[in-house]
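Down below is the structure, laid out as structure tokens.
The values are calculated or read from the model by the stated rules, or taken from the named source; none is laboratory data. A quick note: this is a predicted structure, and the numbers were derived from the prediction, not measured. Please note: Cβ atoms are built from the backbone with ideal geometry, for glycine as well, and neighbour counts cover all protein chains shown. Calculation scope for accessible area: heavy atoms of the full protein, side chains included, ligands and nucleic acids excluded. Shrake-Rupley method; radii C 1.70, N 1.55, O 1.52, S 1.80 Å.
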Amino acid sequence: MASFALAACGDDDAAGDASPAAGGAGDGEVLVGLVTKTDTNPFFVKMKEGAEAKAEELGIEVQSFAGAQDGDNEGQVEAIENLIAAGASGILITPNDSEAIVPSIEAARDAGILVIALDTPLEPADAADATFATDNFKAGELIGQWAAAQFEASGEEPKIALLDLNPNGISVDVARNQGFLSGFGIDLADENTIGDEDDPRIVGNDVTDGAEEGGRTAMENLLQRDPEINLVYTINEPAAAGAYEALRAAGREDDVTIVSVDGGCPGVDNVAAGVIGATSMQFPLDMAGLGVEAIAQFAEDGAVPEPTDGLDFFDTGVTLVTDEPVEGIESEDSAWGTENCWG
């Protein structure tokens, strides 16, 4: 597991009156709150496993909460309120709404609680004490570079469908989409906006809610716009699986390249089966485990984690997984992916 740097928490730190004494459970034990987007997505299931395993190793307590569904901000607000009342030392959160949750995060920090965003940064990012996440732009960039090399080798003109998350434009969605386009060699208009590029190789964007059904519907919609689409970017692997089903129904499954991001075991299986050409694997187990370690350290001496050099968050790593490696792009095969996947 990666390690992270720590900095002492000064009296004028942005977290307000944060201190080890302020953020402990009532009996003096360390309490960590984990608040995920949902409790059904395998990514968050693995995150919970990582937090609980690290907490057991360190002899501290974890209480886990989740939104009722993706986008449920109110459920996460209630979870934070419960953790403040319980005297948590720290909160790890994957926000459903990166902006709307900020007032609740501020209340937690004012109560002396260390708050670490996992996977999805807050808006603004410095509303949390730290962010532990995949470099989502890099994740998109890797699959974009891989796809560009494949199409350059074949000489085929790409016709690109972009299957995003939802209309909210959350940071993860934007970073993966824009990273893919940049990696593929398409000039970005506004790096913080999805769908404003005018490159003729792009057929269009649609949203999937990160789900298989959404991926199928989005792919059907874009095939109606251009039935000759031959390259599909997807926000995650469930959306990729749905896109494949739509392509198969249209008789196009053998001549369209799909790329994605996640590294879940079903997605790696789809790489091995040729459904997905390449995926960027992230590491939720490490993400959550490192977060628990950071809160335990904070409870002991007030130290807060520092970001990776050159970034405004701590990078928990990303690896390209493909069975069609490209020279000059570091990757691992699906056998390695099977040994390291989650879900």
(message) Looking at the stretch 201-259 only, could you name the residues that are under 20 Å from Gly144 (Cα atoms) and of a type in the set (Val, Ile, Thr)?
(response) Ile202, Val203, Val207, Thr208, Ile229, Val232, Thr234, Ile235, Val256, Thr257, Ile258, Val259
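Return the only residue of Asp312, Asp301 being farther than 20 Å from Leu118 by Cα and open to solvent by 70 Å² or more (accessible area, probe 1.4 Å). Lay out the reasoning, then the answer.
Details: Asp312 fails: farther than 20 Å from Leu118 by Cα.
Only one candidate qualifies: Asp301.
Would you check if Ala149 is part of a helix (DSSP H, G or I), in contact (Cβ under 8 Å) with a residue 12 or more places away in the chain, among the small types (Gly, Ala, Ser) and farther than 29 Å from Asp301 by Cβ?
Considered against the rule, which asks whether it is part of a helix (DSSP H, G or I), in contact (Cβ under 8 Å) with a residue 12 or more places away in the chain, among the small types (Gly, Ala, Ser) and farther than 29 Å from Asp301 by Cβ, Ala149 comes out as yes.
Matching residues to (1) at pLDDT 95 or above; (2) closer than 21 Å to Ala128 by Cβ:
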{"site": "Pro20", "(1), (2)": "no, yes"}
{"site": "Leu31", "(1), (2)": "yes, yes"}
{"site": "Thr36", "(1), (2)": "yes, yes"}
{"site": "Glu56", "(1), (2)": "yes, no"}
{"site": "Ile60", "(1), (2)": "yes, yes"}
(message) Only one of Lys159, Lys138 is surrounded by fewer than 24 Cβ atoms within 10 Å (Cβ to Cβ), over 18 Å from Asp262 (Cα atoms) and at pLDDT 95 or above. Can you tell me which?
(response) Lys159
(request) From (1) out of contact with any Ser or Thr (no Cβ under 6 Å at 6 or more places or on another chain); (2) of a type outside the set (Lys, Arg); (3) not in a helix (DSSP H, G or I), pick out the condition that doesn't hold for Leu320. (result) (1)
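Does Trp336 meet the test of being among the aromatic types (Phe, Trp, Tyr), surrounded by fewer than 24 Cβ atoms within 10 Å (Cβ to Cβ) and free of Cβ contacts under 8 Å to residues at least 40 places away in the same chain? Spell out how you get there, then give the answer.
Numbers: among the aromatic types (Phe, Trp, Tyr): yes; surrounded by fewer than 24 Cβ atoms within 10 Å (Cβ to Cβ): yes; free of Cβ contacts under 8 Å to residues at least 40 places away in the same chain: yes.
Judged against the criteria, Trp336 is a match.
This table checks each residue for (1) surrounded by 17 or more Cβ atoms within 10 Å (Cβ to Cβ); (2) touching a strand residue (DSSP E or B) at 6+ places or on another chain (Cβ under 8 Å); (3) in contact (Cβ under 8 Å) with a residue 40 or more places away in the chain.
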| site | (1), (2), (3) |
| --- | --- |
| Glu220 | yes, no, no |
| Arg225 | no, yes, no |
| Thr234 | yes, yes, yes |
| Glu237 | yes, yes, yes |
| Gly242 | yes, no, no |
| Glu245 | yes, no, no |
| Gly251 | no, no, no |
| Asp255 | no, no, no |
(request) Write out, first by first residue and then by second, each pair whose Cβ atoms fall under 7 Å of each other, whose residues are 6+ apart or on separate chains, and whose first residue, in the stretch 260-278, is surrounded by fewer than 21 Cβ atoms within 10 Å (Cβ to Cβ) while the second is modelled with pLDDT of 95 or more and of a type in the set (Asp, Glu). (result) Pro266/Glu237; Ala272/Asp323
(request) Output the residues belonging to the stretch 88-124 that are open to solvent by 10 Å² or more (accessible area, probe 1.4 Å), modelled with pLDDT of 95 or more and out of contact with any helix residue (DSSP H, G or I) (no Cβ under 8 Å at 6 or more places or on another chain). (result) Pro103, Arg109, Asp110
